[in-house]
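K.L.:
To start, I am sharing the structure in question, which I have written as structure tokens.
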Amino acid sequence: MYKHLLGAGLSISLALAALPASAGNCAQRDRVVERLKSKYSESFAGGGLQASRTRSSVVEVWASKETGTFTVILTTPEGMACIVATGTDWHQAHLVDFPEGTES
């Protein structure tokens, strides 16, 4: 299980590293979220806090079962949200608890 979580974390980290290149894809969070809902039928799928020594941001994944699209956004404390990754063929993973003593 930890291997899967580590892989997902590394994927998101790589996407976040591309943020300056996609800084043109930024707006106030409520505006970005409204567009994801209305244009792509996406809803909040999960997220977490990305903290560094100098700044913290919220990472969110929005996805749609109907369209299969997904979007990863990074939101600053000031409320500015930037799209850092988009894609298709979204599928929801279900976390599995492995019995103690077994490897994932």
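K.L.:
Looking only at strands (runs of 3 or more DSSP E) that lie completely in the chain, which have at least 3 residues being touching a Gly at 6+ places or on another chain (Cβ under 7 Å) and at pLDDT 95 or above? Don't jump to the end; show me each part of the working.
P.N.:
On the way: elements: 26-28, 43-51, 56-63, 70-75, 80-87.
Here the list reads 56-63.
K.L.:
Another question, if that's okay. Restricting to segment 29-52, and then to whatever is exposed (fewer than 14 other Cβ atoms within 10 Å of the Cβ) and acidic (Asp, Glu), can you tell me which residue is farthest from THR67 (Cα to Cα)?
P.N.:
If we take residues in segment 29-52 being exposed (fewer than 14 other Cβ atoms within 10 Å of the Cβ) and acidic (Asp, Glu), then ASP30 is farthest from THR67 (Cα to Cα).
K.L.:
Taking segment 53-104 only, how many residues are of a type in the set (S, T, N, Q) and surrounded by fewer than 10 Cβ atoms within 10 Å (Cβ to Cβ)?
P.N.:
Total satisfying the criteria: 4.
K.L.:
Still on this structure: Just the residues that are of a type outside the set (S, T, N, Q), over 12 Å from the mean Cα position of the chain (by Cα) and more than 18 Å from ASN25 (Cα to Cα), please, taken from segment 42-89.
P.N.:
ALA51, ARG53, ARG55, LYS65, GLU66, GLY68, ASP89
K.L.:
Can you say whether LEU74 is of a type outside the set (S, T, N, Q) and touching a helix residue (DSSP H, G or I) at 6+ places or on another chain (Cβ under 7 Å), as far as the supplied structure shows?
P.N.:
Answer is yes for this residue.
The values are calculated or read from the model by the stated rules, or taken from the named source; none is laboratory data. What you are looking at is a predicted structure, and each value in this text was computed from that prediction instead of being measured. Cβ atoms come from the backbone with ideal geometry, glycine included; neighbour counts cover every protein chain shown.
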